[in-house]
Amino acid sequence: MILKTMTNRRDFLRLSAAAAGMGGMRFSANAADAAKYGFQVLDGEAAAIFETLPYVQLLGVDSVGISWMTVAKATGRVTWSQDGWRTEHIAVHGEDGLLDAYSFVHKAVLRGVDLHKPLRYRIHSRRIGKFDIYGIGYAGGEVSYESTINALLPPDGTLSWAMMNDIHDNLRIFDCFLPHLSDVSTMCIFNGDVMEDLTYEEKFKRDFLHPFARVSHERRMPVWFLRGNHETRGQLARRLRDYVSLPRGRYFGAITLERVRFVFVDTGEDKADETPVYQGVNDFDGYIARETEWVKREVVSAEWKNARARIVVQHIPPQLSDGGWAPKLRRLDALNEVWKTANVTLMMGAHLHWWCWCDAWSGRPYPLVVGGGPRLGNPEKHDNATLTKCRLEGDRLSVKVLDQTGKTVIDKKLQIA
Ligand SMILES: [Fe+2]
Ligand SMILES: [Fe+2]
(Lines give C-alpha, C1' and ligand atoms only; values in the text may rest on other atoms or scores of the structure.)
(Ligands and ions follow the chains in the order given, each with its own letter.)
Protein backbone atom coordinates (compact mmCIF):
# COMPACT_ATOMS: atom_id res chain seq x y z
CA MET A 1 0.00 0.00 0.00
CA ILE A 2 1.40 3.40 -0.95
CA LEU A 3 0.20 6.40 0.98
CA LYS A 4 0.48 9.97 -0.18
CA THR A 5 2.24 12.49 1.99
CA MET A 6 0.20 15.27 3.51
CA THR A 7 1.77 18.55 2.65
CA ASN A 8 0.58 21.05 5.15
CA ARG A 9 -0.84 21.58 8.57
CA ARG A 10 -4.36 22.03 7.25
CA ASP A 11 -4.23 18.48 5.87
CA PHE A 12 -3.00 17.27 9.21
CA LEU A 13 -5.78 18.96 11.13
CA ARG A 14 -8.44 17.69 8.75
CA LEU A 15 -7.27 14.11 9.02
CA SER A 16 -6.62 14.45 12.72
CA ALA A 17 -10.24 15.46 13.21
CA ALA A 18 -11.40 12.59 11.03
CA ALA A 19 -9.23 10.19 12.96
CA ALA A 20 -10.78 11.25 16.23
CA GLY A 21 -14.11 9.88 15.08
CA MET A 22 -12.76 6.57 13.82
CA GLY A 23 -12.00 4.10 16.56
CA GLY A 24 -9.84 1.83 14.43
CA MET A 25 -7.46 4.52 13.25
CA ARG A 26 -4.07 4.84 14.85
CA PHE A 27 -1.64 7.71 15.02
CA SER A 28 1.97 7.33 14.09
CA ALA A 29 2.67 9.52 17.10
CA ASN A 30 1.01 9.68 20.47
CA ALA A 31 -2.40 11.15 19.63
CA ALA A 32 -2.18 14.00 22.11
CA ASP A 33 1.28 14.93 20.91
CA ALA A 34 0.17 14.72 17.29
CA ALA A 35 -2.67 17.16 17.88
CA LYS A 36 -0.56 19.43 20.04
CA TYR A 37 2.56 19.61 17.93
CA GLY A 38 1.35 19.13 14.37
CA PHE A 39 2.90 15.73 13.79
CA GLN A 40 1.78 13.91 10.74
CA VAL A 41 -0.86 11.25 11.18
CA LEU A 42 -1.12 7.92 9.42
CA ASP A 43 -3.88 5.40 9.09
CA GLY A 44 -4.37 1.81 8.00
CA GLU A 45 -1.38 -0.38 7.28
CA ALA A 46 1.11 2.47 7.55
CA ALA A 47 -0.01 3.31 11.08
CA ALA A 48 0.31 -0.35 12.01
CA ILE A 49 4.01 -0.42 11.18
CA PHE A 50 5.54 3.09 11.09
CA GLU A 51 6.25 4.72 14.44
CA THR A 52 7.83 7.86 12.98
CA LEU A 53 7.83 9.07 9.44
CA PRO A 54 11.13 9.37 7.65
CA TYR A 55 13.30 12.42 7.82
CA VAL A 56 15.95 13.24 5.26
CA GLN A 57 19.47 14.25 6.20
CA LEU A 58 21.78 15.75 3.61
CA LEU A 59 25.09 13.89 3.73
CA GLY A 60 27.09 14.79 0.64
CA VAL A 61 27.01 16.18 -2.88
CA ASP A 62 25.29 13.03 -4.10
CA SER A 63 23.95 11.37 -0.99
CA VAL A 64 21.19 11.71 1.58
CA GLY A 65 20.29 9.59 4.59
CA ILE A 66 16.75 8.59 5.50
CA SER A 67 15.79 7.50 9.03
CA TRP A 68 12.54 6.22 10.53
CA MET A 69 11.22 3.93 13.26
CA THR A 70 8.70 1.10 13.30
CA VAL A 71 6.29 0.08 16.06
CA ALA A 72 7.58 -3.50 15.95
CA LYS A 73 10.82 -5.18 15.03
CA ALA A 74 10.92 -5.13 11.28
CA THR A 75 12.98 -4.84 8.14
CA GLY A 76 13.76 -1.50 6.53
CA ARG A 77 14.74 -0.50 3.03
CA VAL A 78 14.29 2.48 0.74
CA THR A 79 13.50 2.62 -2.94
CA TRP A 80 13.97 5.88 -4.78
CA SER A 81 13.79 7.47 -8.19
CA GLN A 82 14.47 10.79 -9.89
CA ASP A 83 12.78 10.01 -13.20
CA GLY A 84 9.21 9.20 -12.22
CA TRP A 85 10.02 5.61 -11.19
CA ARG A 86 11.26 4.64 -14.66
CA THR A 87 14.53 3.89 -12.87
CA GLU A 88 14.21 2.56 -9.36
CA HIS A 89 17.11 2.35 -6.94
CA ILE A 90 17.28 0.39 -3.70
CA ALA A 91 19.10 1.43 -0.54
CA VAL A 92 19.42 -0.86 2.48
CA HIS A 93 21.54 -0.37 5.55
CA GLY A 94 23.81 -3.29 6.25
CA GLU A 95 26.81 -4.00 8.40
CA ASP A 96 29.17 -6.94 8.20
CA GLY A 97 26.95 -8.87 5.79
CA LEU A 98 23.78 -8.39 7.81
CA LEU A 99 21.02 -6.26 6.32
CA ASP A 100 18.59 -4.16 8.34
CA ALA A 101 16.20 -6.56 10.07
CA TYR A 102 14.56 -7.19 13.46
CA SER A 103 14.99 -3.60 14.49
CA PHE A 104 12.80 -0.69 15.59
CA VAL A 105 15.20 1.84 14.08
CA HIS A 106 15.88 2.03 10.36
CA LYS A 107 18.05 4.15 8.15
CA ALA A 108 19.53 3.95 4.71
CA VAL A 109 21.91 6.08 2.68
CA LEU A 110 20.92 6.94 -0.89
CA ARG A 111 24.03 7.30 -3.04
CA GLY A 112 24.16 8.74 -6.54
CA VAL A 113 21.44 11.33 -5.94
CA ASP A 114 21.39 14.34 -8.27
CA LEU A 115 20.65 17.32 -6.01
CA HIS A 116 19.51 19.33 -9.02
CA LYS A 117 16.46 17.07 -9.42
CA PRO A 118 13.50 16.24 -7.18
CA LEU A 119 13.79 12.97 -5.34
CA ARG A 120 10.93 10.55 -4.78
CA TYR A 121 11.47 7.86 -2.21
CA ARG A 122 9.56 5.11 -0.46
CA ILE A 123 10.40 3.57 2.86
CA HIS A 124 9.47 -0.09 3.19
CA SER A 125 9.19 -2.14 6.36
CA ARG A 126 7.91 -5.60 7.14
CA ARG A 127 7.16 -6.78 10.63
CA ILE A 128 9.11 -9.83 11.78
CA GLY A 129 7.08 -12.13 14.01
CA LYS A 130 9.65 -14.82 14.66
CA PHE A 131 13.41 -14.55 14.64
CA ASP A 132 14.93 -17.92 15.48
CA ILE A 133 18.39 -19.09 14.56
CA TYR A 134 17.15 -21.14 11.62
CA GLY A 135 13.70 -19.72 11.13
CA ILE A 136 12.64 -16.17 10.47
CA GLY A 137 8.94 -15.51 10.01
CA TYR A 138 7.29 -12.34 8.79
CA ALA A 139 4.02 -11.13 10.29
CA GLY A 140 2.12 -9.61 7.41
CA GLY A 141 3.32 -8.09 4.19
CA GLU A 142 5.68 -5.25 3.46
CA VAL A 143 4.21 -1.76 3.93
CA SER A 144 5.47 1.31 2.13
CA TYR A 145 5.23 5.06 2.51
CA GLU A 146 6.13 7.49 -0.26
CA SER A 147 7.38 11.05 -0.06
CA THR A 148 9.52 13.51 -1.99
CA ILE A 149 12.03 16.25 -1.54
CA ASN A 150 12.41 19.07 -4.02
CA ALA A 151 15.48 19.84 -6.08
CA LEU A 152 17.93 21.35 -3.59
CA LEU A 153 19.96 23.21 -6.19
CA PRO A 154 17.92 25.31 -8.63
CA PRO A 155 19.20 25.81 -12.20
CA ASP A 156 20.08 29.48 -11.63
CA GLY A 157 22.82 28.55 -9.15
CA THR A 158 21.10 30.18 -6.18
CA LEU A 159 21.75 28.65 -2.79
CA SER A 160 19.31 29.17 0.06
CA TRP A 161 19.58 27.63 3.48
CA ALA A 162 18.19 28.23 6.95
CA MET A 163 19.31 27.64 10.51
CA MET A 164 17.28 26.81 13.58
CA ASN A 165 18.98 26.33 16.92
CA ASP A 166 18.45 25.92 20.65
CA ILE A 167 14.92 24.61 20.40
CA HIS A 168 15.24 22.74 23.71
CA ASP A 169 12.08 20.65 23.15
CA ASN A 170 9.92 23.76 22.50
CA LEU A 171 8.08 22.24 19.57
CA ARG A 172 5.89 25.31 19.04
CA ILE A 173 8.98 26.89 17.50
CA PHE A 174 8.48 24.62 14.49
CA ASP A 175 4.96 26.02 14.04
CA CYS A 176 6.44 29.53 14.07
CA PHE A 177 9.16 28.93 11.53
CA LEU A 178 8.13 26.20 9.11
CA PRO A 179 5.91 28.58 7.10
CA HIS A 180 8.93 30.87 6.64
CA LEU A 181 10.92 28.12 4.97
CA SER A 182 8.83 28.23 1.79
CA ASP A 183 11.54 30.16 -0.10
CA VAL A 184 14.42 28.05 1.22
CA SER A 185 15.40 25.12 -0.95
CA THR A 186 18.81 23.73 -0.07
CA MET A 187 18.64 22.63 3.57
CA CYS A 188 17.54 23.49 7.07
CA ILE A 189 20.47 23.34 9.47
CA PHE A 190 19.77 22.44 13.09
CA ASN A 191 22.66 23.98 14.95
CA GLY A 192 22.44 22.09 18.19
CA ASP A 193 20.36 21.88 21.37
CA VAL A 194 17.32 20.61 19.52
CA MET A 195 16.64 18.65 22.70
CA GLU A 196 17.23 19.51 26.33
CA ASP A 197 18.73 16.07 26.88
CA LEU A 198 18.58 12.52 25.56
CA THR A 199 17.08 10.70 28.48
CA TYR A 200 14.62 8.24 26.94
CA GLU A 201 13.45 7.18 23.52
CA GLU A 202 9.85 8.45 23.68
CA LYS A 203 11.12 11.96 24.26
CA PHE A 204 13.64 11.57 21.48
CA LYS A 205 10.86 10.56 19.09
CA ARG A 206 8.68 13.49 20.11
CA ASP A 207 11.32 16.19 20.19
CA PHE A 208 13.64 15.09 17.41
CA LEU A 209 12.39 12.47 14.97
CA HIS A 210 8.82 13.73 14.55
CA PRO A 211 9.71 17.42 14.06
CA PHE A 212 12.53 16.57 11.66
CA ALA A 213 10.04 14.50 9.69
CA ARG A 214 7.79 17.58 9.62
CA VAL A 215 10.56 19.59 7.99
CA SER A 216 11.21 16.90 5.40
CA HIS A 217 7.55 16.44 4.56
CA GLU A 218 6.04 19.89 4.89
CA ARG A 219 8.95 21.79 3.36
CA ARG A 220 10.31 19.01 1.11
CA MET A 221 13.89 19.61 2.10
CA PRO A 222 16.60 17.80 4.03
CA VAL A 223 18.03 18.78 7.37
CA TRP A 224 21.64 18.97 8.46
CA PHE A 225 21.84 18.09 12.14
CA LEU A 226 24.73 19.41 14.17
CA ARG A 227 25.12 18.38 17.79
CA GLY A 228 24.88 20.94 20.59
CA ASN A 229 26.12 20.57 24.15
CA HIS A 230 22.70 19.35 25.31
CA GLU A 231 22.75 16.45 22.84
CA THR A 232 25.77 15.10 24.72
CA ARG A 233 23.71 14.58 27.90
CA GLY A 234 21.61 11.66 29.06
CA GLN A 235 21.66 7.91 28.67
CA LEU A 236 20.64 8.00 25.02
CA ALA A 237 23.44 10.38 23.97
CA ARG A 238 25.72 7.42 23.36
CA ARG A 239 23.12 5.81 21.08
CA LEU A 240 22.13 8.92 19.14
CA ARG A 241 24.25 7.85 16.19
CA ASP A 242 22.13 4.69 15.83
CA TYR A 243 19.10 6.82 14.94
CA VAL A 244 20.60 9.45 12.65
CA SER A 245 22.57 9.41 9.43
CA LEU A 246 25.94 11.08 9.80
CA PRO A 247 28.36 12.21 7.09
CA ARG A 248 31.20 9.67 7.14
CA GLY A 249 29.83 8.47 10.47
CA ARG A 250 30.87 11.67 12.30
CA TYR A 251 29.01 14.52 13.96
CA PHE A 252 31.18 17.00 12.09
CA GLY A 253 31.60 17.26 8.35
CA ALA A 254 31.75 19.41 5.25
CA ILE A 255 30.05 19.72 1.90
CA THR A 256 30.55 21.86 -1.21
CA LEU A 257 27.39 23.07 -2.93
CA GLU A 258 27.62 25.36 -5.97
CA ARG A 259 31.23 26.12 -5.03
CA VAL A 260 30.24 27.19 -1.53
CA ARG A 261 32.04 25.26 1.18
CA PHE A 262 30.05 24.50 4.33
CA VAL A 263 31.92 23.19 7.36
CA PHE A 264 29.97 21.89 10.33
CA VAL A 265 31.87 21.75 13.61
CA ASP A 266 30.79 19.82 16.67
CA THR A 267 31.77 21.86 19.74
CA GLY A 268 30.65 19.13 22.15
CA GLU A 269 29.78 19.60 25.80
CA ASP A 270 30.21 23.11 27.22
CA LYS A 271 31.52 21.86 30.55
CA ALA A 272 34.95 20.56 31.44
CA ASP A 273 35.49 16.81 31.37
CA GLU A 274 36.39 17.02 35.07
CA THR A 275 32.95 18.40 36.02
CA PRO A 276 31.88 16.16 38.94
CA VAL A 277 28.45 15.25 37.52
CA TYR A 278 30.13 13.37 34.66
CA GLN A 279 32.12 11.10 36.96
CA GLY A 280 34.92 10.69 34.44
CA VAL A 281 32.84 9.42 31.49
CA ASN A 282 33.52 12.34 29.09
CA ASP A 283 36.58 12.97 26.94
CA PHE A 284 35.70 16.05 24.93
CA ASP A 285 39.24 17.40 25.38
CA GLY A 286 40.54 14.57 23.23
CA TYR A 287 37.58 14.67 20.85
CA ILE A 288 37.85 18.41 20.14
CA ALA A 289 41.64 18.12 19.73
CA ARG A 290 41.16 15.42 17.06
CA GLU A 291 38.43 17.42 15.37
CA THR A 292 40.69 20.49 15.36
CA GLU A 293 43.31 18.49 13.46
CA TRP A 294 40.62 17.70 10.91
CA VAL A 295 39.73 21.42 10.67
CA LYS A 296 43.40 22.26 10.09
CA ARG A 297 43.46 19.85 7.14
CA GLU A 298 40.16 21.26 5.88
CA VAL A 299 41.34 24.88 5.65
CA VAL A 300 44.32 23.96 3.45
CA SER A 301 42.25 21.74 1.14
CA ALA A 302 41.42 22.69 -2.43
CA GLU A 303 37.71 22.44 -1.59
CA TRP A 304 38.11 25.18 1.00
CA LYS A 305 40.59 27.37 -0.81
CA ASN A 306 38.84 27.29 -4.18
CA ALA A 307 35.36 27.92 -2.80
CA ARG A 308 33.70 31.22 -3.65
CA ALA A 309 32.34 31.39 -0.09
CA ARG A 310 33.27 29.55 3.11
CA ILE A 311 30.53 29.08 5.71
CA VAL A 312 31.32 27.67 9.15
CA VAL A 313 28.54 26.38 11.36
CA GLN A 314 29.31 25.60 14.99
CA HIS A 315 27.11 25.54 18.04
CA ILE A 316 29.34 27.36 20.55
CA PRO A 317 30.59 30.53 18.86
CA PRO A 318 33.98 32.16 19.38
CA GLN A 319 34.40 35.48 21.17
CA LEU A 320 31.80 37.97 20.01
CA SER A 321 33.84 41.16 20.24
CA ASP A 322 36.61 42.86 22.16
CA GLY A 323 35.38 42.47 25.72
CA GLY A 324 32.27 40.59 24.55
CA TRP A 325 31.14 37.09 25.41
CA ALA A 326 33.80 34.40 24.93
CA PRO A 327 33.73 30.62 25.42
CA LYS A 328 35.19 29.62 28.77
CA LEU A 329 36.49 26.26 27.66
CA ARG A 330 40.13 26.47 26.67
CA ARG A 331 39.80 23.35 24.49
CA LEU A 332 37.96 25.47 21.91
CA ASP A 333 40.81 28.00 21.69
CA ALA A 334 42.89 26.03 19.19
CA LEU A 335 39.84 25.45 17.02
CA ASN A 336 38.85 29.11 17.00
CA GLU A 337 42.45 30.07 16.34
CA VAL A 338 42.37 28.13 13.06
CA TRP A 339 39.45 30.17 11.77
CA LYS A 340 41.28 33.46 12.31
CA THR A 341 43.55 32.94 9.32
CA ALA A 342 41.26 30.76 7.21
CA ASN A 343 39.40 33.46 5.26
CA VAL A 344 35.98 32.52 6.63
CA THR A 345 33.12 34.27 4.83
CA LEU A 346 30.54 33.83 7.59
CA MET A 347 30.21 31.88 10.80
CA MET A 348 26.79 30.76 12.03
CA GLY A 349 26.61 30.18 15.78
CA ALA A 350 24.08 29.35 18.48
CA HIS A 351 24.16 28.42 22.18
CA LEU A 352 23.89 31.90 23.71
CA HIS A 353 20.08 32.09 23.53
CA TRP A 354 20.23 35.66 22.31
CA TRP A 355 20.50 36.63 18.70
CA CYS A 356 23.11 38.99 17.42
CA TRP A 357 25.15 40.06 14.44
CA CYS A 358 28.85 40.64 15.10
CA ASP A 359 31.03 42.35 12.53
CA ALA A 360 34.57 41.17 12.06
CA TRP A 361 37.14 42.48 14.52
CA SER A 362 40.84 41.83 15.06
CA GLY A 363 40.20 38.85 17.36
CA ARG A 364 37.71 37.29 14.96
CA PRO A 365 38.35 38.60 11.44
CA TYR A 366 35.08 37.40 9.91
CA PRO A 367 31.40 38.19 10.56
CA LEU A 368 29.34 36.06 12.91
CA VAL A 369 25.59 35.63 13.15
CA VAL A 370 24.21 33.96 16.27
CA GLY A 371 20.68 32.55 16.38
CA GLY A 372 18.54 33.16 19.47
CA GLY A 373 16.81 30.76 21.79
CA PRO A 374 14.20 30.48 24.52
CA ARG A 375 14.64 32.61 27.62
CA LEU A 376 17.46 31.56 29.91
CA GLY A 377 17.37 34.32 32.47
CA ASN A 378 18.78 37.06 30.25
CA PRO A 379 15.87 39.50 30.08
CA GLU A 380 18.09 42.31 28.81
CA LYS A 381 19.11 40.19 25.83
CA HIS A 382 17.07 39.26 22.79
CA ASP A 383 15.74 36.10 24.40
CA ASN A 384 13.75 34.81 21.52
CA ALA A 385 14.02 31.80 19.25
CA THR A 386 15.00 32.78 15.72
CA LEU A 387 15.11 31.50 12.20
CA THR A 388 18.23 32.51 10.28
CA LYS A 389 17.82 32.56 6.52
CA CYS A 390 20.68 32.86 4.05
CA ARG A 391 20.50 33.31 0.32
CA LEU A 392 23.43 33.48 -2.08
CA GLU A 393 22.62 34.95 -5.48
CA GLY A 394 25.53 35.78 -7.73
CA ASP A 395 28.15 37.41 -5.52
CA ARG A 396 25.75 38.68 -2.87
CA LEU A 397 25.00 36.77 0.34
CA SER A 398 21.90 37.86 2.19
CA VAL A 399 21.54 36.99 5.90
CA LYS A 400 18.21 37.57 7.61
CA VAL A 401 17.17 36.65 11.13
CA LEU A 402 13.47 36.38 11.98
CA ASP A 403 12.11 36.33 15.51
CA GLN A 404 9.18 34.16 16.58
CA THR A 405 6.65 36.69 15.33
CA GLY A 406 8.19 36.53 11.86
CA LYS A 407 9.69 40.01 12.18
CA THR A 408 13.08 40.52 10.57
CA VAL A 409 15.49 41.54 13.34
CA ILE A 410 18.74 41.27 11.40
CA ASP A 411 19.13 42.03 7.70
CA LYS A 412 22.67 42.00 6.31
CA LYS A 413 24.24 41.76 2.88
CA LEU A 414 27.73 40.46 2.30
CA GLN A 415 29.66 40.87 -0.92
CA ILE A 416 31.37 37.63 -1.90
CA ALA A 417 34.70 38.24 -3.57
FE1 LIG B 1 20.86 26.04 24.08
FE1 LIG C 1 24.07 25.11 23.81
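The values are calculated or read from the model by the stated rules, or taken from the named source; none is laboratory data. None of the values given here were measured: they were computed from a predicted structure. Using ideal geometry, Cβ is built from the backbone for each residue, glycine included, and neighbour counts are taken over all protein chains shown.
Of all residues assigned to region 355-365, at least one qualifies as being in a strand (DSSP E or B), closer than 20 Å to Gly228 by Cβ and not basic (Lys, Arg). Taking residues in region 336-361 that are more than 16 Å from ligand 2 (Cβ to nearest atom), and partners anywhere that are of a type in the set (S, T, N, Q) and in a helix (DSSP H, G or I), the pairs with Cβ atoms closer than 8 Å and at least 6 places apart or on different chains are Val338/Thr292. Being in the same structural domain as Gly112 (by TED's automatic domain parsing), modelled with pLDDT of 85 or more and assigned to a helix (DSSP H, G or I) is a property that holds for Ala48.
Listed here are the residues, each with its yes/no results for (1) among the aliphatic types (A, V, I, L, M); (2) crowded, with 23+ Cβ neighbours inside 10 Å; (3) within 20 Å of Asn384 (Cβ to Cβ).
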| position | (1), (2), (3) |
| --- | --- |
| Cys188 | no, yes, yes |
| Val194 | yes, yes, yes |
| Lys203 | no, no, no |
| Ala213 | yes, yes, no |
| Arg227 | no, yes, no |
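Taking (1) surrounded by fewer than 16 Cβ atoms within 10 Å (Cβ to Cβ); (2) modelled with pLDDT of 95 or more; (3) over 26 Å from Asp132 (Cβ atoms) in turn, Val56 satisfies each apart from (1).
Count of region 189-236 residues, restricted to those that are more than 15 Å from ligand 1 (Cβ to nearest atom) and not in a strand (DSSP E or B), is 24. The conditions of being under 30 Å from Ser182 (Cα atoms), surrounded by 17 or more Cβ atoms within 10 Å (Cβ to Cβ), in contact (Cβ under 8 Å) with a residue 40 or more places away in the chain and in contact with a Phe, Trp or Tyr (Cβ under 8 Å, 6 or more places away or on another chain) are not met by Ile316.
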